[in-house]
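> Attaching a single structure in structure tokens format; questions to follow.
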Amino acid sequence: MPDASKTAKLILVTTADTEILAAARASEHMPEGFPKLVCANPAALDDPAAFFEKELPGARAVLVRLLGGRRAWPERLEELRRRCGRLRVPLLAFGGEAEPDAELAALSTVPSGTVLEAFEYLRHGGVRNTENLLRFVADTVLMEGYGFEPASALPEAGVYHPRLSEDSSVDELVARHDPARPTVGVVFYRAHWMSGNTAFVDDLVDALEEAGADTLPVYCYSLRAGPDGRVTALEMLKNRVDCLVTTVLAGGGSNAADARRSGAPEGWLEWDVPALEGLGVPAIQGICTTSTREAWLASDAGLSPLDTAWQVAIPEFDGRIIGVPFSFKERLGVDSPVGAPLTLYRADPERTARLAGLAVRFAGLGRSPNSEKRVAILLSNYPTKHSRVGNAVGLDTPVSAIRLLGALRLAGYPVEGAPEEGDDLIHSLIAAGGHDLEFLTADQLGDAAGRLDARRYAEWFGRLPEDLRSGVEEHWGPPPGDLYVDDGYFVVAGLSFGNVFVGIQPPRGFGENPIAIYHDPDLPPTHHYLA
């Protein structure tokens, strides 16, 4: 047995909360007398120097894993290396990607072969590999004798369901499905599966099934295609789902750096997502925020700039439909066995139900023939003037709308009586009556094609939370208000061409300076805008 008098601490610093969660669970299985494990996430350290000062004395070894490499923590990493050197504490540094990071390996103070072998445990991940990583470091670096096993490979992608065993196959899950119900695929990160951080996935699966769909959840490391152009997780879903909800970040990429491509430079900027496109179903981004639900509710912006970029802006390049934030990072209210707070994703029931409802409705559309579908196209109108209908930067909106109508017609959607030219479309819309109050007549209101029963809206409005309803009523009165209402109906400016309605964006701001009001985050929308 190892000498118990040598027992002290192993320190693991990692930018991945899922690795801290796995390490906490692995620490429960360590043998008697094993060094105590202390973990930290650099992003959560308010004072890294104080952490070093407190934890490094008595430390037997330090392991650091940084997503983004050395640049993710440059000054503090150098400080940590100097402190370890003075205290003669072995340092092992690893990158956060699936391939070894040569720069970080060079900063390590143990042989490169030891770093590479230790990295294999992190690359494969999971609780069992984390346990053997700690045993490996204790025996190989600290010359103890606890015993360890080689890193064991875990699937890069696989099927998961909260009510099936871990070794279930896709075919076994599909066999349980009802062919009369649509199937929604759910894609989430492999790291969550490995660390047991799947409660938010379970809640989404439950919400989807309660909303009327069967589910096919799969985990993966990434949705980026391999050298053969395949994405294993999407291959598992192909021809098996009617819609996809993914919590994984964008899978495409620009070819801008590939100047060897033939053709014009514009072609090098293509964003390629062939595997996702090959599914042929709507793909919805389910947003898992990096903040707590409380912080999200308190923020005027809602999502942080980082979440907005990663989970809204960039996924749109993949052609994804942006859903709603439904899952939030929350700290467990228990003492952590590894020092660092344990963070899990928690789903908000109302937002999860909203996301599930969107997915099930999109899945149902795929089962309906195009001849029975109805489509609405809304042209921007900011500010609310006839001269600004369809305004856009670098885009001929009227011509684009005409081409879209033509594409819908070719795809089997009933499109009837649409103009052939973009200018004719705009003139027809204005003649039918826009939202410009200076020119809108009572006859145009009465003849409007876009109408919504104000009584139905009032019923829906009554189900909103009290604080939201009171804010709207304070500014605009009880529903339906007095803006764009005709004979008990809300009126939306536009024209119907068969099963396709081409409308004009409802106004957001009124008053002496409608442009300033339009961007006022404290101004509730009108009843008309909400409807």
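The values are calculated or read from the model by the stated rules, or taken from the named source; none is laboratory data. This one's a predicted model, so the numbers in the text were calculated from it and none came from an experiment. When we count neighbours, we look across all protein chains shown, and the Cβ atoms used for this are built from the backbone with ideal geometry, even at glycine.
> If I filter the range 174-192 for residues that are basic (K, R) and in contact with a Cys (Cβ under 7 Å, 6 or more places away or on another chain), do I get at least one hit?
There is at least one residue in the range 174-192 that is basic (K, R) and in contact with a Cys (Cβ under 7 Å, 6 or more places away or on another chain).
> Out of all the residues in the range 320-335, which are in contact with a strand residue (DSSP E or B) (Cβ under 7 Å, 6 or more places away or on another chain) and either within 19 Å of L276 (Cβ to Cβ) or of a type in the set (A, V, I, L, M) (or both)?
Restricting attention to the range 320-335, the residues satisfying the condition of being in contact with a strand residue (DSSP E or B) (Cβ under 7 Å, 6 or more places away or on another chain) are 320-332.
Passing the criteria: R320, I321, I322, G323, V324, L332.
> Kindly check whether there is at least one residue in the range 325-342 that is under 19 Å from L358 (Cβ atoms) and of a type in the set (V, I, T).
no
> Which count do you get for residues in the range 447-459 that are over 12 Å from F490 (Cβ atoms) and either surrounded by 12 or more Cβ atoms within 10 Å (Cβ to Cβ) or under 30 Å from the mean Cα position of the chain (by Cα) (or both)? Before you say what the answer is, go through the steps one by one.
Looking only at the range 447-459, we keep the residues that are over 12 Å from F490 (Cβ atoms), and these are 447, 449, 459.
After this cut, where a residue has to be either surrounded by 12 or more Cβ atoms within 10 Å (Cβ to Cβ) or under 30 Å from the mean Cα position of the chain (by Cα) (or both) as well, the list is 447, 449.
Residues meeting the conditions: 2.
Listed here are the residues, each with its yes/no results for (1) buried (at least 21 other Cβ atoms within 10 Å of the Cβ); (2) modelled with pLDDT of 95 or more; (3) assigned to a loop (DSSP other than H, G, I, E, B).
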position: V201; (1), (2), (3): yes, yes, no
position: D228; (1), (2), (3): no, no, yes
position: N239; (1), (2), (3): no, yes, yes
position: G252; (1), (2), (3): yes, no, yes
position: A257; (1), (2), (3): no, no, yes
position: R260; (1), (2), (3): no, no, yes
position: A275; (1), (2), (3): yes, no, no
position: I287; (1), (2), (3): yes, yes, no
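> Looking at D139, D167 in this structure, which one is in a helix (DSSP H, G or I) and not polar (S, T, N, Q)?
Testing whether each residue is in a helix (DSSP H, G or I) and not polar (S, T, N, Q) leaves just D139.
> A102 - would you say it is hydrophobic (A, V, I, L, M, F, W, C), out of contact with any strand residue (DSSP E or B) (no Cβ under 9 Å at 6 or more places or on another chain) and surrounded by fewer than 17 Cβ atoms within 10 Å (Cβ to Cβ)? Step through it out loud before you land on a result.
Values: hydrophobic (A, V, I, L, M, F, W, C): yes; out of contact with any strand residue (DSSP E or B) (no Cβ under 9 Å at 6 or more places or on another chain): no; surrounded by fewer than 17 Cβ atoms within 10 Å (Cβ to Cβ): yes.
When the stated conditions are applied, A102 does not pass them.
> Please tell me if T109 is over 21 Å from V338 (Cα atoms) and touching a Cys at 6+ places or on another chain (Cβ under 7 Å).
yes
> Going by the conditions given, is E420 farther than 30 Å from D522 by Cα and in contact with a Gly (Cβ under 6 Å, 6 or more places away or on another chain)?
Against the criterion (farther than 30 Å from D522 by Cα and in contact with a Gly (Cβ under 6 Å, 6 or more places away or on another chain)), E420 does not qualify.
> Another question, then. Out of A49, A26, report the one residue that is surrounded by fewer than 19 Cβ atoms within 10 Å (Cβ to Cβ) and touching a residue at least 12 places away in the same chain (Cβ under 8 Å).
That would be A49, the only listed residue that is surrounded by fewer than 19 Cβ atoms within 10 Å (Cβ to Cβ) and touching a residue at least 12 places away in the same chain (Cβ under 8 Å).
> Quick one: which residue in T352, T384 is within 23 Å of S291 (Cβ to Cβ) and either out of contact with any helix residue (DSSP H, G or I) (no Cβ under 9 Å at 6 or more places or on another chain) or of a type in the set (S, T, N, Q) (or both)?
T352
> Is there any pair with a first residue in the range 303-324 that is hydroxyl-bearing (S, T, Y) and a second that is assigned to a loop (DSSP other than H, G, I, E, B) whose Cβ atoms are under 7 Å apart and which are 6 or more apart or on different chains, and what are they?
Once the first residue is hydroxyl-bearing (S, T, Y) and sits in the range 303-324, its partners that are assigned to a loop (DSSP other than H, G, I, E, B) give S304/T290; S304/S291.
> Select from the range 204-226 the residues that are touching a Ser or Thr at 6+ places or on another chain (Cβ under 9 Å) and in a helix (DSSP H, G or I) and write down the one among them that is nearest to P179 (Cα to Cα).
Checked the range 204-226; the qualifying residue nearest to P179 (Cα to Cα) is E209.
Table: residues versus (1) part of a helix (DSSP H, G or I); (2) at negative phi; (3) in the same structural domain as A24 (by the TED database); (4) surrounded by fewer than 20 Cβ atoms within 10 Å (Cβ to Cβ).
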| residue | (1), (2), (3), (4) |
| --- | --- |
| A295 | yes, yes, no, yes |
| D307 | yes, yes, no, yes |
| V312 | yes, yes, no, yes |
| E316 | yes, yes, no, yes |
| V324 | no, yes, no, yes |
| E330 | no, yes, no, yes |
| Y345 | no, yes, no, no |
| T352 | yes, yes, no, no |
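> Related question: Can you tell me which residues in the range 120-136 are within 14 Å of A26 (Cβ to Cβ) and either among the acidic types (D, E) or in a loop (DSSP other than H, G, I, E, B) (or both)?
Residues satisfying the conditions are G125, G126, E131.
> When the range 330-361 is examined, which residues are found to be modelled with pLDDT of 95 or more, within 16 Å of the chain's Cα centre (by Cα) and more than 13 Å from G286 (Cβ to Cβ)?
R346
> Here is a follow-up. Return the pairs, sorted by first residue and then second, in which the second residue is modelled with pLDDT of 95 or more, the first residue lies in the range 162-188 and is basic (K, R), the beta carbons are less than 8 Å apart, and the residues are 6+ apart or on different chains.
Pairs that qualify, where the first residue is basic (K, R) and the partner is modelled with pLDDT of 95 or more, are R176/D214; R181/G212; R181/A213; R181/D214.
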